[in-house]
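In what follows, a structure is listed as structure tokens, so that the remarks can point back to it.
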Amino acid sequence: MARIAHGRDAAALSLAAAPGGRQRATVATVMAGEPALSQQSVWYRLMKLTNLINRPFFSRFGERYHLTINDARVLVTLASMPEAAAHELCEATGMHPMNVSRSVATLRRQGRIADRRDPDNRRRKMLRLTPGGWAVCRSFVPDMDRMSSFLLSSMSELEVEFLSRLVDLLIDRLESVGSRSGLPPQEFAAEAAPRVHNGADRLGQDSDEERNRA
């Protein structure tokens, strides 16, 4: 029997079935029955969401382990790869190079990361976790798992998939900014409003491209 979507799932089913059984996202369906949102309102709520996700770190780990949130991001990112250069940590985390450099210096001083010279490029240092760094990372894992389970279990599988696509869209958009400041060109402000809708419609187009490549 076909599943009947209600409430939030009905909105998420802007991923409505398209040719070939694929699902697409459109602004009209996602926002059906909802009041119009300003870009500023959405931006402030994204900042609040980030702060709420990070809040357990400050209450449980920051002072105990003498770490900033950036130090923790570097540790957790290094735990996901055998070793990495500083610029690779910047790419993986989205952090500013100066912040990565400061965290690397702090963690090296604390004995939580070590480095070696890349034999193929003597100017490049490869970073890795020490046993002490691994021990700190492992202390984060239970709370990270608990937080992600608590947050995402309130959503249906369809909503989680849709959220994942939206997050990827936002990351891709920000990574396309080439300026050192991380800000888009000033002239973009005058064009911003129509691009919001075009960008949201790309969710379905991206799925087309992935399916064609497969």
Label Val141 and Arg173 with points 7 Å out from Cα along Cα→Cβ: what is the distance between them in nm?
3.5 nm
Does region 67-129 come out rounded, prolate or oblate by the C-alpha gyration tensor, with a ≥ b ≥ c the root eigenvalues, rounded set by a/c under 1.5 and, if not, prolate when a/b is larger than b/c and oblate if not?
prolate
Checking the a/c ratio against 1.5 first, then a/b against b/c, what shape does the Cα gyration tensor give for region 132-179?
oblate
List, in order, the whole-Hz ³J(HN,Hα) value for each residue of region 100-106 obtained from phi through the Karplus relation with A = 6.51, B = -1.76, C = 1.60 and θ = phi - 60°; use x for Gly and Pro.
4, 4, 5, 5, 4, 4, 5
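Read the figures in this text as sums done on the coordinates, not as results from a lab. Keep in mind the model is a prediction, meaning the values are calculated, not measured. Counting neighbours? That spans all protein chains shown, and the Cβs are built from the backbone with ideal geometry, glycine included.
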